[in-house]
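The values are calculated or read from the model by the stated rules, or taken from the named source; none is laboratory data. Just so it is clear, the structure is predicted and the values come from calculations on it, not from any experiment. Cβ: placed from backbone, ideal geometry, glycine included. Neighbour counts: every protein chain shown.
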Amino acid sequence: MLQRFLSFDKLMGTTLIKVLYYIGLVGIALYAVVLLLSGLGVMVSQSFLGGISMIVAAILGGAISLLFWRFMCELYMLFFRISDDVRELKEMKGGSPSPAASAPAAPDV
């Protein structure tokens, strides 16, 4: 485990993104619950319609936040998977091309 952490042969970004995704889910859920409870408090103490609107806003905001958070984490996962695929293609091709092979040919004069 320590060798995997100290070497950069395999990126550990996908694992880190999964952990951050679950932490974000918990944070979004806690925030939505706090807003729901605040809406209930406003509904009881101040304005019924104000409390209802806060509850609806908490539900809609939580759902939109969850969708956006999932999208962002998938986007970062995609970047890491593209990196892995490019690395595999490079290994299948046999390493990096030589500079002479990749240089454009000089025009004939």
Checklist entry - Do we have any residue at all in region 21-43 that's modelled with pLDDT of 85 or more and within 30 Å of Lys90 (Cβ to Cβ)? => result yes
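Please verify whether Ala105 is assigned to a helix (DSSP H, G or I), modelled with pLDDT under 85 and either farther than 30 Å from Tyr22 by Cα or in contact with an Asp or Glu (Cβ under 6 Å, 6 or more places away or on another chain) (or both), treating the condition exactly as stated. Give the derivation first.
Details: assigned to a helix (DSSP H, G or I): no; modelled with pLDDT under 85: yes; either farther than 30 Å from Tyr22 by Cα or in contact with an Asp or Glu (Cβ under 6 Å, 6 or more places away or on another chain) (or both): yes.
No; evaluated as a whole, the condition is false for this residue.
Leu40: over 17 Å from the mean Cα position of the chain (by Cα) and part of a helix (DSSP H, G or I), yes or no?
Considered against the rule, which asks whether it is over 17 Å from the mean Cα position of the chain (by Cα) and part of a helix (DSSP H, G or I), Leu40 comes out as yes.
Select, from Tyr22, Tyr31, the only residue that is in contact (Cβ under 8 Å) with a residue 24 or more places away in the chain and under 23 Å from the mean Cα position of the chain (by Cα). Full working, then the answer.
Working: Tyr22 fails: in contact (Cβ under 8 Å) with a residue 24 or more places away in the chain.
Only one candidate passes the filter, namely Tyr31.
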